[in-house]
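Chemist: The structure is given below, and queries will be raised subsequently.
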Amino acid sequence: MALSHLASSSPSRSANLLKPLSSAISLRRPISTDTTPITVETSVPFTAHQCEAPSRTVQTNAKELATFFRDMVVMRRMEIAADSLYKAKLIRGFCHLYDGQEAVAVGMEAALTKKDCIITSYRDHCTFVARGGTLLEVFAELMGRQAGCSKGKGGSMHFYKKDSNFYGGHGIVGAQVPLGCGLAFAQKYCKDEAVTFALYGDGAANQGQLFEALNISALWDLPAILVCENNHYGMGTAEWRAAKSPAYYKRGDYAPGLKVDGMDALAVKQACAFAKEHALKNGPIILEMDTYRYHGHSMSDPGSTYRTRDEITGVRQERDPIERIRKLILSHDLSTDKELKDIEKEVRKEVDDAIAQAKENPVPEPSELFSDVYAKGLGVESFGADRKEVRATLA
Amino acid sequence: MLGIVRQKMLERSSKKIRPAVSMLRSYSSAAKQMTVREALNSALHEEMSADSKVFLIGEEVGEYQGAYKITKGLLDKYGPDRVLDTPITEAGFTGIAVGAAYYGLKPVVEFMTFNFSMQAIDHIINSAAKSNYMSAGKISVPIVFRGPNGAAAGVGAQHSQCYAAWYAACPGLKVLTPYNSEDARGLLKAAIRDPDPVVFLENELLYGESFPTSDEVLDSSFCLPIGKAKIERKGKHVTIAAYSKMVGYSLQAAEILEKDGIDAEVINLRSIRPLDRSTINDSVRKTNRLVTVEEAFPQHGVGAEICACVVEESFAYLDAPVERIAGADVPMPYAANLERMALPQVGDIVRAAKRACYRSVP
């Protein structure tokens, strides 16, 4: 089939595509494999509610910074490419892009292991990739092809990667928060000594089910971390129009909270490590990531009717997460400007290759309409639109 | 034919009429009487004992021993880590239970009544039912949602709705409706063992009813297949298809119809999704007449689905239009006389069966 043809024609390239992000670095000459500790201060100190804030001094190293840079460049390039594919009508339906918010995904991943669970909303492409998903799986899923992470049956909002404890990918605003608390419950039940990060936006922060789940999590001491990715707009509604109290890190009341600069990957890492330690001992904690999305809410939203272009450009100039890491790498002399630009060129090519491969990938077989309705189909019948024409037995 | 009917009528008149629910029709050995409540409780005990991943969650399931005492004794036996009392927050605790199922645990969620499940319906449908499909089989959801469903007695409009048709419409769910103790045990055990989300619709008024249960049913390995209806009473003149409490009413109706020479076949659906279309159609092809019975609102209901499926598959075999008996098309009133009018009674089923048989009465 098309896939195997491509794989055999250019083995090293497609091997890269299938490898998770950070290990792809080791195939080429890295910026640095240096793990000598470097100490950096976060852009702003943390603001704490009902707890003592962690230090704004973060330990990192050249290798980690290189990983942050590369991973965020991949995410940025991937989202921008998805924008073009959507406009070319190769991606249909809803497409919610994450560019601008990459630091949350990479910073969080640096503080966690794959035993920890992550669950998020529909703005899930980059979180999926941070958990080890490949570019091919992303683009194929977006274009509704067989090689997609959900075999083309989920779409943009329904990426999952269970073997890395990534539980999606949810279309109903706020639903993922109780689900995430349920994952934390199960981790505690199984004595796994791991935590769950449940991500939600400033729009979802007002959902009642969030408070219901937080209440139960606090009563039962569940290792749940609720992460509000506050990009300041719930679709077209600014936070001050939707929340009487936009201090989301305080809204847990009895639950401690931390406000974090979500555009600073190191601050995110520090906060997530702190939260993980806290949650394992003391139950739920809220992290508010102050972040920003460059795109509108989705591809149907220009994103400029409810905010000014100056605001968007301003954030891009002052707070862009990739630029922040680039400046850090350069100021610590860990790499040259040319080397970083080479990485960006390389990533661009990787993304283009993945898209080309995904475009060649076939759409699902018609029989897939009826697969996976149940885990155990019991030989039951299912029907197509004209049940006298199309019937199937569910295995 | 008429001679047999007259003889049967003589036999009947010399016996006290017993309620159909405790008829020992075809059971061979002496069976133990067990209430539906005991049946459900024993099933929960056995499944919790067999699989440490099974846990209970809901309002009053633990220290209160269950609002209807279905979960009695389980907290004492399995401890507070496995029997969890929740605050009155259905959306929250149902979401938490579904998340636990994503991770691989096997929650049994109790809704105090299914009326309250509407507060959590997004998690039942969008988080549970659809996940296996959307994830192409990666995220399965081995969860059971159980509790009393449908009308009770005098509880009014907000506490009396039957949700069978609503949940059974949704692909990805399995929907079960036990009638007697055998059903309660076998279907609940099957539901808990099933890897998919199961909506298990009990009936409050049946909890205290006793039924004979054989040794086979009492065995801890007993399990009923999901998706298979049961012919509770074999007959040849008209098929009466019902679920839950209406099975009992249909059996009573069959007794009355027998006196008029109408031999009714009563199907206990047991499973609304998957619906056992082949048992229903086989029966209609034999009797040529069908009455569907449900307590629920009539529009877009289980009876409508059964009628459609029979018209599609067995049209040539129908000798009369399909008759549909259902709850009245009004919110449930409180006054006892109005409530009685709002729910099917045995007489309604008898009348409908006679209408279906208008062509011939042997």
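The values are calculated or read from the model by the stated rules, or taken from the named source; none is laboratory data. Bear in mind that the values here come from a model prediction, so they are computed numbers and not experimental data. In this analysis, Cβ positions are derived from the backbone assuming ideal geometry, glycine residues included, and neighbour counts consider all displayed protein chains. Only protein heavy atoms, including side chains, enter the accessible area calculation; ligands, DNA and RNA are left aside. Shrake-Rupley method; radii C 1.70, N 1.55, O 1.52, S 1.80 Å.
Chemist: Applying the selection to the range B:288-311, what residues are in a strand (DSSP E or B) and in contact (Cβ under 8 Å) with a residue 60 or more places away in the chain?
Modeler: B:290, B:291
Chemist: If you don't mind, another one. Only one of these conditions is not met by residue B:143: (1) touching a His at 6+ places or on another chain (Cβ under 7 Å); (2) within 14 Å of another protein chain (Cβ to nearest Cβ); (3) among the β-branched types (Val, Ile, Thr). Which number is it?
Modeler: Condition (1) is where residue B:143 drops out.
Chemist: Suppose we filter B:314, B:278 for residues that are surrounded by fewer than 16 Cβ atoms within 10 Å (Cβ to Cβ), of a type in the set (Ser, Thr, Tyr) and part of a helix (DSSP H, G or I); which single one remains?
Modeler: Going through B:314, B:278 in turn, just one is surrounded by fewer than 16 Cβ atoms within 10 Å (Cβ to Cβ), of a type in the set (Ser, Thr, Tyr) and part of a helix (DSSP H, G or I): B:278.
Chemist: In addition: Restrict the check to the range B:122-135 and report whether at least one residue is open to solvent by 10 Å² or more (accessible area, probe 1.4 Å), within 22 Å of residue A:191 (Cβ to Cβ) and facing chain A (nearest Cβ under 9 Å).
Modeler: no
Chemist: Can you name the number of the only condition in (1) of a type outside the set (Lys, Arg); (2) within 9 Å of the chain's Cα centre (by Cα); (3) more than 14 Å from chain B (Cβ to nearest Cβ) that residue A:109 fails?
Modeler: (2)
Chemist: Among the residues of the range B:77-100, which ones are charged (D, E, K, R) and either farther than 9 Å from residue A:212 by Cβ or not in a helix (DSSP H, G or I) (or both)?
Modeler: B:77, B:81, B:82, B:85
Chemist: To continue, here is another question. State yes or no: is residue B:320 under 20 Å from residue B:355 (Cβ atoms), more than 13 Å from the chain's Cα centre (by Cα) and surrounded by 24 or more Cβ atoms within 10 Å (Cβ to Cβ)?
Modeler: When the stated conditions are applied, residue B:320 does not pass them.
Chemist: In addition: Kindly provide the set of residues from the range B:89-120 that are within 9 Å of another protein chain (Cβ to nearest Cβ) and hydroxyl-bearing (Ser, Thr, Tyr), ordered by number.
Modeler: B:89, B:94, B:102, B:103
Chemist: A further question follows. Run down A:88, A:82 and say which single residue is modelled with pLDDT of 95 or more and surrounded by 22 or more Cβ atoms within 10 Å (Cβ to Cβ).
Modeler: Checking each option against the conditions leaves just A:82.
Chemist: Looking at the range B:176-191, is at least one residue within 27 Å of residue A:220 (Cβ to Cβ) and either within 14 Å of chain A (Cβ to nearest Cβ) or assigned to a helix (DSSP H, G or I) (or both)?
Modeler: Yes, the range B:176-191 contains a residue that is within 27 Å of residue A:220 (Cβ to Cβ) and either within 14 Å of chain A (Cβ to nearest Cβ) or assigned to a helix (DSSP H, G or I) (or both).
Chemist: Just name the residue that is nearest to residue A:369 (Cα to Cα) out of those in the range A:143-165 that are at the interface with chain B (Cβ under 8 Å from one of its Cβ atoms), assigned to a loop (DSSP other than H, G, I, E, B) and charged (D, E, K, R).
Modeler: A:153
Chemist: From the list A:380, A:390, A:363, which one is within 12 Å of chain B (Cβ to nearest Cβ) and either open to solvent by less than 50 Å² (accessible area, probe 1.4 Å) or not charged (D, E, K, R) (or both)?
Modeler: Sole residue among the options that is within 12 Å of chain B (Cβ to nearest Cβ) and either open to solvent by less than 50 Å² (accessible area, probe 1.4 Å) or not charged (D, E, K, R) (or both): A:380.
Chemist: Something else now. Sort out which residues of the range B:256-275 are within 14 Å of chain A (Cβ to nearest Cβ) and either open to solvent by 40 Å² or more (accessible area, probe 1.4 Å) or of a type in the set (D, E, K, R) (or both), and write them in order of number.
Modeler: Matches in the range B:256-275: B:270, B:273.
Chemist: Do the conditions hold for residue A:115, that is, is it assigned to a loop (DSSP other than H, G, I, E, B) and either surrounded by 24 or more Cβ atoms within 10 Å (Cβ to Cβ) or within 10 Å of another protein chain (Cβ to nearest Cβ) (or both)?
Modeler: Against the criterion (assigned to a loop (DSSP other than H, G, I, E, B) and either surrounded by 24 or more Cβ atoms within 10 Å (Cβ to Cβ) or within 10 Å of another protein chain (Cβ to nearest Cβ) (or both)), residue A:115 does not qualify.
Chemist: If you check every pair at least six apart or on different chains, which have Cβ atoms under 8 Å apart with a residue in the range B:273-287 that is polar (S, T, N, Q) first and a residue that is part of a helix (DSSP H, G or I) and open to solvent by less than 10 Å² (accessible area, probe 1.4 Å) second?
Modeler: These pairs meet every condition: B:281/B:309; B:281/B:310; B:281/B:314.
Chemist: Right, another one. Which of the helices (runs of 4 or more DSSP H) found entirely inside the range A:262-368 contain at least 2 residues meeting this: in contact with a Phe, Trp or Tyr (Cβ under 8 Å, 6 or more places away or on another chain), closer than 29 Å to residue A:250 by Cβ and not hydroxyl-bearing (Ser, Thr, Tyr)?
Modeler: Here the list reads A:265-282, A:309-319.
Chemist: Identify, by number, the condition in (1) surrounded by 24 or more Cβ atoms within 10 Å (Cβ to Cβ); (2) hydroxyl-bearing (Ser, Thr, Tyr); (3) away from chain B (no Cβ under 14 Å) that residue A:245 doesn't meet.
Modeler: Here residue A:245 meets the rest and fails (1).
Chemist: Do the conditions hold for residue A:41, that is, is it in contact with a strand residue (DSSP E or B) (Cβ under 8 Å, 6 or more places away or on another chain), open to solvent by 70 Å² or more (accessible area, probe 1.4 Å) and modelled with pLDDT of 95 or more?
Modeler: In short, yes.
Chemist: Another question, if that's okay. Being facing another protein chain (nearest Cβ under 8 Å), open to solvent by 10 Å² or more (accessible area, probe 1.4 Å) and either under 20 Å from residue A:291 (Cα atoms) or in a helix (DSSP H, G or I) (or both) is the filter here, so list the residues in the range A:171-210 that pass it.
Modeler: Hits for the range A:171-210 are A:185, A:189, A:208, A:209.
Chemist: Please tell me if residue B:86 is at the interface with chain A (Cβ under 10 Å from one of its Cβ atoms), more than 25 Å from residue A:376 (Cα to Cα) and buried (at least 23 other Cβ atoms within 10 Å of the Cβ).
Modeler: In short, yes.
Chemist: Moving to a separate point now. Quick check: is even one residue across the range B:217-240 modelled with pLDDT of 95 or more, in contact with an Asp or Glu (Cβ under 6 Å, 6 or more places away or on another chain) and in a helix (DSSP H, G or I)?
Modeler: Within the range B:217-240, one or more residues are modelled with pLDDT of 95 or more, in contact with an Asp or Glu (Cβ under 6 Å, 6 or more places away or on another chain) and in a helix (DSSP H, G or I).
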